[in-house]
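The values are calculated or read from the model by the stated rules, or taken from the named source; none is laboratory data. This one's a predicted model, so the numbers in the text were calculated from it and none came from an experiment. Cβ coordinates were reconstructed from backbone atoms using ideal geometry, including for glycine residues, and neighbour counts include every protein chain displayed. When the accessible area is computed, the model is the full protein with side chains, heavy atoms only, and any ligands, DNA or RNA have been set aside. Shrake-Rupley method; radii C 1.70, N 1.55, O 1.52, S 1.80 Å.
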Number of protein chains: 2
Amino acid sequence: MNRFLSEDEALDLISRGAVGRLGCIDQDEPYVVPINYLLEERSIYSHSLPGRKLDAMRSQPRVCLQVDLVDDDLHWRSAIAFGRFEEIRGQGARQTVLGKLLARFPRLTPVESMIVQDAAAPDSIVFRIVVDRVTGVEES
Amino acid sequence: MNRFLSEDEALDLISRGAVGRLGCIDQDEPYVVPINYLLEERSIYSHSLPGRKLDAMRSQPRVCLQVDLVDDDLHWRSAIAFGRFEEIRGQGARQTVLGKLLARFPRLTPVESMIVQDAAAPDSIVFRIVVDRVTGVEES
């Protein structure tokens with residue numbers, strides 16, 4: 001049986017996940033990549049090195065994050081949050097977000113751990129998705 | 001260490017996966033959903049009930065499928081296949097594809113199993129993604 005999740009249920013699924021699939025539009029083509037993230041007050045926080053994903057989000061800020069919990073083919077939940085990409089540029093805010101990501105994902109690479117010490121390091125871009133819509137489905 | 005996968009490595013990862021994340025564009029917004037699929041000769045086969053995902057693919061046939069294998073945050077592979085959505089309408093071809101999907105995913109719902117017996121059942125849409133580009137990354 002399929003049923004739609006309420007917005008609270010969908011947000012709960014996203015808040016408990018650690019790996020989501022970020023969907024963005026790159027030159028009129030969909031592009032999907034796995035990311036680690038944190039959900040906090042309807043914003044999804046993450047970070048990335050420069051590259052295709054960031055170029056795409058900068059040029060088309062409408063993005064989504066899909067998160068699922070699959071027990072088996074007949075028992076799963078999937079949620080999707082839609083929102084607007086926004087870079088976090090202030091050094092204090094960058095440090096705060098990277099610190100939280102490091103606390104949640106202690107296996108960040110050494111480069112990323114270093115950036116937490118020195119948020120001015122230009123290479124890693126910290127961003128959030130300001131969520132404006134969340135939906136979800138459950139099969140159980 | 002990150003490195004790019006060769007096209008053969010990326011296709012191999014996709015062929016061994018069972019759940020992928022389909023990315024499509026729905027009214028200028030990215031949309032991502034998990035699907036079961038089969039890869040055969042550079043085509044990705046799947047099926048779906050009518051709904052948002054199908055509406056999106058019919059109106060914007062450029063789609064992608066992202067597949068990953070995550071051991072932990074520092075050891076993972078991810079591949080993405082880009083291509084063109086194409087519905088499979090012939091009754092024989094529908095039956096063949098649904099039969100293969102059922103063989104691979106024995107836990108298809110009873111409705112879907114019934115459709116394999118009667119591919120004329122109109123509800124389930126069988127489709128493929130004709131892949132024209134594959135990329136991938138590995139962190140290890």
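Brief remarks on what is shown
- Heavy-atom accessible surface of B:K100, to the nearest 10 Å², is about 80 Å², with a 1.4 Å probe and all protein chains retained.
- For B:L49, distant residues with modelled amide H under 5 Å away: B:I125
- Cα pair count fraction exceeding 15 Å, expressed as % - the stretch A:56-104: 67
- Förster-model FRET efficiency, 25 Å R0, A:T135 and B:E9, C-beta, rounded to 0.05: 0.15
- Computed with the Debye formula from one identical point scatterer per Cα of chain A, without solvent, the log10 of I(q)/I(0) at q = 0.13, 0.21 Å⁻¹ comes to -0.57, -1.27.
- Local electrostatic count, B:D68, Cβ distance below 9 Å [Lys/Arg +1, Asp/Glu -1]: +3
- Inter-probe distance in nm under a simple model that places probes 7 Å from Cα toward Cβ, at A:R58 and A:A18: 3.1
- Here is the tail figure for the protein assembly as shown: Cα pairs spaced more than 30 Å apart come to 29 percent of all pairs.
- Residues of the stretch A:9-48 buried by at least 40 Å² of accessible area upon assembly of all protein chains, compared with the chain on its own (1.4 Å probe): A:R21, A:I25, A:E29, A:P30, A:V32, A:P34.
- A 1.4 Å probe run over the protein chains yields, for the protein assembly as shown, 47 Å² of accessible area per residue, whole-number rounding.
- Each other copy holds its own label point for B:L69; taking that point as 7 Å from Cα along Cα to Cβ, the gaps run 2.7 nm, nearest first.
- Label point 7 Å beyond Cα along the C-beta direction, distances from A:E40 to other copies (nm, shortest first): 4.9
- GluC sites (Glu not before Pro) restricted to DSSP loop in the stretch A:1-65 with at most 16 other C-beta within 10 Å: A:E41
- Solvent-accessible area buried by B and A, counting both chains, probe 1.4 angstrom, square angstrom: 2600
- Here the protein assembly as shown has 53 percent of its accessible surface on carbon and sulfur atoms, given a 1.4 Å probe and all protein chains in place.
- Measuring only protein heavy atoms, the 1.4 Å probe finds B:R77 accessible over about 50 Å².
- Teacher prompt: A:E86 distances to equivalent labels in other copies, 7 Å Cα→Cβ, nm: 4.4
- Chain A: relative contact order in percent, alpha carbon pairs under 8 Å with at least 6 residues between: 35
- The Rg/Rh ratio of the stretch A:21-80, with both radii computed over alpha carbons and Rh defined as the Kirkwood radius, is 1.02.
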